[in-house]
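**Q** Here's a structure for you.
The values are calculated or read from the model by the stated rules, or taken from the named source; none is laboratory data. Note that the coordinates shown come from a computational prediction; the quantities given were computed from them, not determined experimentally. Cβ placement follows ideal geometry from the backbone for every residue including glycine, while neighbour counts extend to all protein chains displayed.
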């Protein structure tokens, strides 16, 4: 069975977008790049982690960037709806990240920290899943949970 699978990013992040590419994506989509929108995008790229809207508001204001709660929420919603940034729905609320490409996540069960993972499943496993389900896998993301140093692969 021939797979239509498109692998996620390689470990070195070769296809990961730069901040300038995100700005260009906004322009291509016809989105206005207001000062507030640029501030939100710049913060997400500089932090490189998953943040709540409140975290973004607080970090921007701590850096002397005056922005209101409503502006943060509106910009995050617009950017997420347009596919420029990712949004993770968690029990504790929504978290936003700078990536919009197919990738996976691992969540620490102790701290709740979320890390991006660029992993590729073996082709034979993907083909087995396709055979069992009757679906052609085009893309995937994994949601993993664990504790640091708790397994045989921990350092």
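**Q** May I ask you to list the residues in region 29-46 that are closer than 13 Å to residue 98 by Cα and free of Cβ contacts under 8 Å to residues at least 40 places away in the same chain?
**A** 38, 39, 40, 42, 43, 46
**Q** I've got another one for you. Only one of these is on the phi < 0 side of the Ramachandran plot, outside any loop (DSSP other than H, G, I, E, B) and not assigned by TED's automatic domain parsing to the domain that holds residue 35: 115, 77. Name it. First the steps, then the outcome.
**A** Working: 77 fails: not assigned by TED's automatic domain parsing to the domain that holds residue 35.
Sole residue among the options that is on the phi < 0 side of the Ramachandran plot, outside any loop (DSSP other than H, G, I, E, B) and not assigned by TED's automatic domain parsing to the domain that holds residue 35: 115.
**Q** Here are some conditions: (1) without any contact (Cβ under 8 Å) to a residue 12 or more places away in the chain; (2) over 15 Å from the mean Cα position of the chain (by Cα). Residue 87 meets all but one. Which one does it not meet?
**A** Against the list (1) without any contact (Cβ under 8 Å) to a residue 12 or more places away in the chain; (2) over 15 Å from the mean Cα position of the chain (by Cα), residue 87 comes up short only on (2).
**Q** Also, quick follow-up: In the list 58, 86, which residue meets the criterion of being in contact with a strand residue (DSSP E or B) (Cβ under 6 Å, 6 or more places away or on another chain), in the same structural domain as residue 47 (by TED's automatic domain parsing) and under 15 Å from residue 40 (Cβ atoms)? Walk me through how you get there before you give the answer.
**A** Values: 58 fails: in contact with a strand residue (DSSP E or B) (Cβ under 6 Å, 6 or more places away or on another chain).
The match here is 86.
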